[in-house]
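Trainee: There's a structure below that I have some questions on.
The values are calculated or read from the model by the stated rules, or taken from the named source; none is laboratory data. None of these values were measured; they are calculated from a predicted model. Cβ coordinates were reconstructed from backbone atoms using ideal geometry, including for glycine residues, and neighbour counts include every protein chain displayed. To get the accessible areas, we keep the full protein, side chains included, count just its heavy atoms, and leave off ligands, DNA and RNA. Shrake-Rupley method; radii C 1.70, N 1.55, O 1.52, S 1.80 Å.
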Amino acid sequence: MFGRKKRGLLPSSIMGLAAAVILTALLCLALTPIITRGILPPESASSAGCVSAGLAVFAAVYYVSKSRGRQAMPTAGIIAGGYLLLAALVCALGGSGFEFGAWLGRDAVAAGLGAFLAAVMSIGKKPVKRNRRRRTLDYNM
């Protein structure tokens, strides 16, 4: 399979973290018109951000963990932890308007749950290939 080759833990984690950040941005951009048009109340914007973070981390960890096999949990932990470190770094370097608060805890819970669920779901038994004997028909009877 192209692109699903087993890579090391660090390259897989970096790739998953980048995918999670990009997916979060895309999901938030998709939810923006829904909130600005009034379909969802403006108070639900932080909840929508947490949901999009959880879904993005879930999707990234699930894809990366499918190829990691036994190391799905460490990969999920690294991706979720890196995601939270990036969020804290944005808060620290963002200046005014970027403040630490309860949203960081909600994002931590959403990213952690998304990563954990994806890692658990990706660790599945692979189907067993059974050897089937080919029956040959003897036409010379």
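Trainee: Could you give the C-alpha radius of gyration of the range 58-126 expressed as a fraction of 2.2 N^0.38 Å, taking N as the number of residues it contains?
Mentor: Rounded to two decimals, the normalised Rg is 1.27.
Trainee: Just read off the accessible area of Ser46 with the full protein assembly in place, 1.4 Å probe, to the nearest 10 Å².
Mentor: Around 50 Å² of this residue is reachable by solvent.
Trainee: Ranked from highest to lowest mean number of other Cβ atoms within 10 Å per residue, what is the order of the peptides 90-102, 74-86?
Mentor: Order by mean packing, descending: 74-86, 90-102.
Trainee: Shifting gears a bit: Using a 1.4 Å probe over the heavy atoms of the protein chains, calculate the carbon and sulfur portion of the accessible area of the range 64-122 as a whole percent.
Mentor: 72
Trainee: Let me ask something additional. Semi-axes, largest first, in whole Å: what does sqrt of 5 times each Cα gyration tensor eigenvalue give for the range 25-93? Walk me through the intermediate numbers first.
Mentor: Numbers: eigenvalues 156, 47, 13 Å².
Three semi-axes, in Å: 28, 15, 8.
Trainee: I would also like to ask the following. Kindly provide the pair-distance distribution of the range 1-123 built from C-alpha pairs, with 5 Å bins from 0 and whole-percent values in order of increasing distance.
Mentor: Percent of pairs per bin, in order: 2, 13, 20, 21, 18, 12, 8, 4, 2, 0.
Trainee: Spelling out what I want: for every residue of the range 37-50, take phi, set θ = phi - 60°, compute 6.51 cos²θ - 1.76 cosθ + 1.60 (Karplus), and round to whole Hz; glycine and proline get x.
Mentor: Per-residue couplings from phi come out as 7, x, 5, 10, x, x, 5, 8, 5, 5, 5, 5, x, 5 Hz.
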